[in-house]
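Heads up, the thing below is written out as structure tokens.
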Amino acid sequence: MSQFMIYFAWFSVICFFVGSFLKLLKINNMPLHLRAELYPVVHDSKNSYGGSYMEDMNYVEEVRKGLKNIWVNDIIEILREVLFLDRVNEYNIYGLWFPSLLLHWGLYILFGWLFLSVFSVFWPFYFLIQLSSIFGIVAGAFGVLGSFILILRRIFSQELRLYTTPLDFFNLFLLLFMFLATLSTFLFDANHDILRYLGSVISFKTVNVSNFVIVQFFLFQFFLFYFPFSKFMHAPIKYWTWHAIMWDDALTMKGNKQDLILQEQLEYKQFWAAPHAIQGTSWAEVATNLKVEERGNNNGNKKTTL
Amino acid sequence: MAIKRPPFNDISKDLKEPMATIEMDDLMDILGIDKKEETPLEPINDKIKNTYDWYLDGHIALGNLYPPKTKEEENELVRKFLSGLEKLLDPKNNWPMLQILKTGLDYCVRCQTCSEACHVYIASGRQEIYRPTYRIEILRKIYKKYFTPEGKLLGSFVGADVDLNWKTIYRLAELVHRCNLCRRCAQRCPVGIDNGYLAREIRVLLSQELGISPTEILEKGSRLQLTVGSSTGLSPMALKDYLEFIEEDTYEKTGVKIKFPINKKGADILLIHNAGEFVSWPENPAAFAILFDAAGISWTMSDEPVGYDSINYGLWNDDIEAARVVLRHAKIGKDLGVKKIVIGECGHATKAFCVVGDRILTGDLGSSEISRESCLPLLWDIYKSGAIKFDPSKNNFPVTLHDPCNMVRNMGIVMPQRNVLNAIAPRWREMHPNGVYNYCCGGGSGFAIMQGLNFPQWRNKVSSRMKINQILNAFKEELDPGIPKYVCAPCSNCKGAIRDFFEHYKCKEKFNLTYGGLVELMVNSMVDMEKPYISWDEY
Ligand code: SF4
Ligand code: SF4
């Protein structure tokens with residue numbers, strides 16, 4: 001096994017964590033958006049029927065006193081989707097739920113396999129090694145089946161095919177081959193080299209391992225490296241699309257942090273060019289002014305509208 | 001069958017036929033209405049064919065959008081579209097929605113789980129171009145092609161394969177006006193992508209950068225409101241006449257004397273109606289006045305320009321116009337020294353002011369300083385206070401409730417209106433699905449007011465189709481025209497859409513259906529009212 005695989009292993013792990021972190025940080029640091037909540041907002045105490053604090057008269061007072069939000073619901077709802085793909089199960093009519101579930105669980109178990117395998121390098125207990133092998137085989141089987149059915153579905157469903165880009169197929173084939181390689185390592189009895197490979201990566205010492213293991217880890221490491229730049233990131237994104245956007249019902253109160261952020265954002269300059277916009281002014285200015293020629297044209301005896 | 005699956009790049013091509021055509025056979029069935037008896041589809045006329053680019057679906061929402069005449073004009077359009085998209089992707093020019101846009105563009109996994117939520121898509125017979133993802137996929141392809149390194153390098157491999165020319169822009173502009181922005185699809189997306197709001201982002205680009213918007217929304221909508229005072233064209237002086245007329249008319253019909261309080265400083269509540277109510281449904285603001293007076297509420301209206309019209313069409317396509325209207329409303333309330341501003345029965349206006357406005361109004365105009373609320377909780381509070389005696393038996397007719405998307409799915413105001421109906425309408429029943437999962441009336445996002453060319457035909461046949469079917473199903477045991485039935489729609493825009501499709505499907509003659517708000521039902525059941533308030537003959 002060449003030095004390349006050792007460095008590639010570390011590089012891919014660093015890319016996976018740092019790349020994902022930076023990507024998510026970038027999303028997280030985007031400006032505070034306008035409220036765009038969509039009910040049911042799961043942390044609302046009335047979430048069972050999709051109600052909100054705005055159902056109450058004087059809700060501002062209620063908010064001031066403190067709402068009884070059930071924040072754990074945000075986590076539970078995200079986990080339900082991550083673990084069981086609830087919405088896909090309930091609403092997808094293209095038969096994507098079962099293969100997607102297999103594929104997702106294939107990935108989760110694959111990470112479990114890696115975790116257990118690394119553990120086994122340090123503590124090579126028989127039980128741990130056996131367990132990691134089981135994880136590896138199950139991950140491989142689930143992943144192969146899931147990605148293969150998904151590829152077929154996307155080829156044979158007219159509706160899905162229209163939307164599936166070559167890159168989407170590339171991603172699915174990448175997963176298929178990665179899981180196939182994982183499964184092959186076990187089927188062709190090369191799995192005993194897995195710990196040797198991981199040990200060599202950890203100790204930076206090259207060793208000879210089976211080609212099955214090299215292919216398996218090459219694909220897995222490529223997956224890790226590629227993850228932050230790909231659509232695979234849709235998993236952690238839910239925290240933002242759901243928790244930080246669709247369930248963000250936080251009210252602006254004078255002087256609170258949100259109020260100050262918004263005041264700053266209203267000072268951003270905007271350059272929209274339509275006739276009714278005023279290019280180069282801040283949001284606060286454009287919101288409180290009309291173009292000069294539009295002012296005072298209100299037919300009545302009242303002062304100008306803005 | 002005319003279900004077509006046009007490849008995305010058709011949007012930019014010279015075509016001989018529209019990308020999709022509406023045909024009766026494809027449309028969803030409606031309970032109690034035989035397709036053969038339905039108003040037939042008008043063929044696309046020569047005026048449309050000769051004047052517009054009609055190759056999306058033969059219908060025109062943007063009657064003010066004429067094809068460019070010269071190559072320079074064509075190039076200018078493309079240049080502006082790209083500069084608009086660049087601004088849409090910029091944190092300063094588009095702080096209001098950037099996070100929603102970027103996550104939506106980058107992380108859709110194209111699973112199509114969202115599609116079956118869409119009433120437009122389903123009612124059309126699942127016409128591909130109306131799928132929630134179709135229009136967004138086109139935007140995504142343009143974005144990839146011009147704004148991502150992978151799109152520039154790898155082109156069609158990553159899906160960056162739609163040509164951008166004036167036809168792309170015009171057809172996309174039409175296509176984003178085939179979405180009601182109801183956000184029902186977003187409830188179902190496993191990733192949290194909001195195709196409704198993404199469609200709105202395309203509208204924002206068109207409006208804020210190119211000034212492209214249906215006349216009724218921008219030129220005769222927000223612009224008129226901000227310069228004249230109301231999108232209806234009502235000036236403060238004309239408003240005075242209307243209010244006097246409503247006062248007299250109410251007295252004549254009911255014997256109840258009302259006087260709209262105007263600019264009453266220090267009142268508890270500033271009530272702002274959609275000014276369309278004064279013009280089209282004067283019994284609605286009159287009912288508010290009857291209820292508020294009977295309940296002893298301290299309230300006022302304003303006759304300041306903008307202050308007597310709650311509408312905020314910027315909600316549908318323009319953050320600049322939205323911010324202007326929100327600020328104006330809040331300042332008027334602040335100047336009057338009221339404790340809170342309440343929006344009458346108008347969904348989009350309520351959401352624009354209470355929810356969207358919450359991140360535009362800061363400091364002294366923030367929610368903590370002047371509260372902004374929907375009228376529905378207040379109406380339930382009036383009932384609960386016991387200040388007015390109601391007799392539910394006066395509402396002894398079948399009633400169903402329409403949930404306006406903006407107040408229900410988008411604000412979570414679900415129960416107050418139901419509590420009121422439970423108390424005053426013994427024969428009311430839900431339509432299905434309902435509450436936050438309800439379908440749009442088909443008039444959302446401006447469609448209710450867009451009356452140009454053949455667009456109303458598309459709206460009535462396609463986007464309102466699910467709603468009429470839902471209504472008729474709610475009354476399926478009592479469709480007999482001998483039984484008068486009431487659709488309670490506490491929203492001006494929804495009422496506008498319902499008015500039109502009731503006429504289109506001849507609902508008065510066939511089923512004896514009428515519609516109106518919640519306040520009319522409340523006043524109708526007031527013990528003190530000598531005559532019925534709801535008139536069954538008009539709509
Ligand atoms: S928007 Fe969501 S549900 Fe629709 S195709 Fe994309 S990921 Fe799937
Ligand atoms: S927002 Fe509503 S109308 Fe638009 S695509 Fe989604 S479900 Fe359909």
Requested in this report: Identify the single condition in (1) facing chain A (nearest Cβ under 9 Å); (2) buried (at least 23 other Cβ atoms within 10 Å of the Cβ) that B:I343 does not satisfy, given that it satisfies every other one.
Outcome: (1)
Report summary line: Inside the range B:306-340, the number of residues satisfying the requirement of being hydrophobic (A, V, I, L, M, F, W, C), part of a loop (DSSP other than H, G, I, E, B) and either more than 10 Å from chain A (Cβ to nearest Cβ) or in contact with a Cys (Cβ under 9 Å, 6 or more places away or on another chain) (or both) is 2
Report summary line: Selection from the range B:202-220 of residues buried (at least 24 other Cβ atoms within 10 Å of the Cβ), assigned to a helix (DSSP H, G or I) and within 11 Å of another protein chain (Cβ to nearest Cβ) yields B:V204, B:L205, B:L206, B:S207, B:Q208, B:L218
Requested in this report: Please determine, by comparing only the residues of the range A:27-43 that are free of Cβ contacts under 8 Å to residues at least 12 places away in the same chain and either more than 19 Å from the chain's Cα centre (by Cα) or not assigned by TED's automatic domain parsing to the domain that holds A:W71 (or both), which one is most open to solvent (accessible area, probe 1.4 Å).
Outcome: A:P40
Query raised in the report: Could you say whether any residue in the range B:250-262 is farther than 29 Å from B:Y515 by Cβ, hydroxyl-bearing (S, T, Y) and away from ligand 2 (no atom under 16 Å from the Cβ)?
Result: no
**Report entry** Filter result for A:G50 (open to solvent by less than 40 Å² (accessible area, probe 1.4 Å) and more than 30 Å from B:I413 (Cα to Cα))
**Finding:** no
Query raised in the report: Which numbered condition trips up B:D303, out of (1) open to solvent by 10 Å² or more (accessible area, probe 1.4 Å); (2) touching a Leu at 6+ places or on another chain (Cβ under 8 Å); (3) part of a helix (DSSP H, G or I)?
Result: (3)
Query raised in the report: Using beta carbons and a limit of 6 Å, which pairs, at least six apart or on different chains, have the first residue in the range B:36-50 and not assigned by TED's automatic domain parsing to the domain that holds B:N454 and the second one surrounded by 10 or more Cβ atoms within 10 Å (Cβ to Cβ) and of a type in the set (F, W, Y)?
Result: B:I48/B:W54
**Report entry** Selection within the range B:232-261 - open to solvent by 40 Å² or more (accessible area, probe 1.4 Å) and of a type in the set (D, E)
**Finding:** B:D241, B:E244, B:E248, B:E252
Report summary line: The residue that is farthest from the other protein chains (Cβ to nearest Cβ), considering only those in the range A:53-64 that are open to solvent by 40 Å² or more (accessible area, probe 1.4 Å) and of a type in the set (D, E), is A:E62
Query raised in the report: Mind checking which residues of the range A:109-132 are open to solvent by less than 40 Å² (accessible area, probe 1.4 Å) and more than 28 Å from the chain's Cα centre (by Cα)?
Result: A:S120, A:L128
Report task. Could you please give the count of residues in the range B:47-87 that are among the basic types (K, R) and in contact with a Phe, Trp or Tyr (Cβ under 9 Å, 6 or more places away or on another chain)? Result -> 1
Report task. Filter the range B:412-439 down to residues that are part of a loop (DSSP other than H, G, I, E, B) and among the charged types (D, E, K, R) and give me whichever is nearest to the other protein chains (Cβ to nearest Cβ). Result -> B:E430
Report task. Determine whether B:L172 is in contact (Cβ under 8 Å) with a residue 60 or more places away in the chain, away from ligand 1 (no atom under 16 Å from the Cβ), of a type outside the set (V, I, T) and in a helix (DSSP H, G or I). Result -> yes
Report summary line: Note: among B:G412, B:G446, B:G435, just one is surrounded by 24 or more Cβ atoms within 10 Å (Cβ to Cβ), touching a residue at least 24 places away in the same chain (Cβ under 8 Å), over 27 Å from B:G58 (Cβ atoms) and away from ligand 1 (no atom under 16 Å from the Cβ), namely B:G412
Report task. Output yes when any residue across the range B:111-127 is more than 16 Å from ligand 2 (Cβ to nearest atom), more than 20 Å from B:P6 (Cα to Cα) and either among the small types (G, A, S) or within 11 Å of another protein chain (Cβ to nearest Cβ) (or both), and no when none is. Result -> no
Query raised in the report: Which is part of a loop (DSSP other than H, G, I, E, B), touching an Asp or Glu at 6+ places or on another chain (Cβ under 7 Å) and surrounded by fewer than 19 Cβ atoms within 10 Å (Cβ to Cβ), of B:T39, B:T21?
Result: B:T21
Report task. Among what's in the range A:204-236 and is surrounded by fewer than 19 Cβ atoms within 10 Å (Cβ to Cβ) and over 19 Å from A:L110 (Cα atoms), pick the residue that is nearest to the other protein chains (Cβ to nearest Cβ). Result -> A:F229
Query raised in the report: of a type outside the set (F, W, Y) and at pLDDT below 95, is that true of A:P166?
Result: no
Requested in this report: Go through B:C182, B:C189 for me and flag whichever is more than 30 Å from A:S230 (Cβ to Cβ), within 16 Å of ligand 1 (Cβ to nearest atom) and either assigned by TED's automatic domain parsing to the domain that holds B:L89 or in contact (Cβ under 8 Å) with a residue 12 or more places away in the chain (or both).
Outcome: B:C182
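The values are calculated or read from the model by the stated rules, or taken from the named source; none is laboratory data. Because the structure is predicted, anything quoted here is derived from the model rather than measured. Every residue, glycine as well, gets a Cβ built from its backbone with ideal geometry; the counts of neighbours run over all protein chains shown. All accessible areas refer to the heavy atoms of the entire protein, side chains included, with ligands and DNA or RNA removed. Shrake-Rupley method; radii C 1.70, N 1.55, O 1.52, S 1.80 Å.
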